[in-house]
1. Just to be sure I understand the model, the point goes 7 Å from the Cα along the line to the Cβ. What's the resulting D262 to S113 distance in nm?
2. Mind checking the angle between helix 314-326 and the chain's longest principal axis? C-alpha axes, 0 to 90 degrees, to the nearest 10.
3. To the nearest Å, what is the center-to-center distance of the stretch 248-274 and the stretch 105-138, using C-alpha atoms only?
4. Run the lone-cysteine check on the chain: no other Cys C-beta under 4.7 Å from the residue's C-beta.
5. Hey, which lysines would be in cross-link range of K328, C-alpha to C-alpha under 30 Å, not counting anything within fewer than 8 residues on its own chain?
6. What number, in percent, do you get for the relative contact order of the chain if the mean sequence gap of Cα pairs under 8 Å and at least 6 apart is divided by its residue count?
7. Which value, in debye to the nearest 20, describes the size of the charge dipole of the chain about its Cα centre when Lys and Arg Cβ atoms bear +1, Asp and Glu Cβ atoms bear -1, and nothing else is charged?
8. Mind checking the full-extension length gain between E52 and V245? Use 0.36 nm per residue of separation minus the Cα-Cα distance, one decimal, nm.
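Read the figures in this text as sums done on the coordinates, not as results from a lab. Quick caveat, the model's predicted, so the values are computed rather than measured. All Cβ positions, even for glycine, are placed from backbone atoms using ideal geometry, and neighbour counts span all protein chains on display.
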Amino acid sequence: MVSESAGIIVHELSGIPTTGPLVDSFGRLIRNLRISITDRCNFRCTYCMPEEGLEWLPNDAILTFEEIDRLSRLFVRLGINEIRLTGGEPTLRRDLPDLIARLAPLEADGLKSLSLTTNGILLPRLAPALASAGLTRINVSLDTLDQKRFWQVTRRDALDQVMAGLESLEAYPTITPIKVNAVAVRGFTREEDILALAGLARRKPYVMRFIEFMPLDAEGNWETDQVLPGDEIRAIINAQWPLDVIPGQDPSSTAVTYRFSDGLGDVGFINPVTQPFCRTCDRIRLTADGQLRTCLFSVDETDLKSPMRNGADDTDLERLIRQAVWAKEQKHKINEGEAFQRASRSMSQIGG
């Protein structure tokens, strides 16, 4: 059957649920939505972006706060209970606290977590407003504590500002946990970098997490031999400070988290390359220009912005969302040679 409304055509495929929470054809319940609010960034991390040359989306192509609010409310009605705002660098979006204040009341409708992923450089100024607006969780990207190496990876001299940003968050206990994410790249990430970052989690109220390098760089230079497996990182830390896995973790979580055996801090490992977690993936993504992506490595997207701007009602949008989610990819196939297809966009254009 074909449904046509507001200038859009939706093919209603047999078997796609028309009521209830979002579910894909493999039975995975979709509960986690990541919304990119800008493709722009004030860093140029080598594993993500070229130093120069990326074309930014024009302002009128990016979802407005009103459109993000509308889609978020629809997604929460469909069972989404975690929303993370990403970029690019989301703190570059003017009036970001206003958007968070719009979304925070969705807690009454079932939203359990409203979080932000950031490079942290603007947090010294923004942390008070973000906390006041209702932000509940945050991820801060930080790949090394060495000043020179920080510049090498980000192409910016900003380590002190990022550390100040992290410290500013400590004054706001409603934002918890404070997670620090490091992308580990073989040939760059050294043992001393790993131990310094792990040590940060032992002296600060942060959860340190190490992420395997994925083929999402804008220049397409990723190679398998650049992947530093999480198990190797964990072995380095465990030799210095013994680790115990934390029992009872959510099977849909991207990270496996350990506690230092002496109780002084937590550290997690996100291993999408060596230990894919596709089987329990509950995530979808909305790009800054309103495209719904069902996997980081999607080659296809579903346009929600154009129908919305052409007058589609929530019923029309729900049909589009359910159809896209039902077709969610089974897995990313990074380790399957020629069967693997690189994502249609780089990480900064998709949203972290």
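1. Output for this residue pair reads 2.9 nm.
2. 60 degrees
3. A separation of 22 Å, based on Cα centres.
4. Singleton cysteines: C41, C278, C281, C295.
5. K112, K179, K305
6. Taking the mean separation of contacting Cα pairs over the length of the chain, I get 22 percent.
7. 600 debye
8. Roughly 65.3 nm would be gained on extension.
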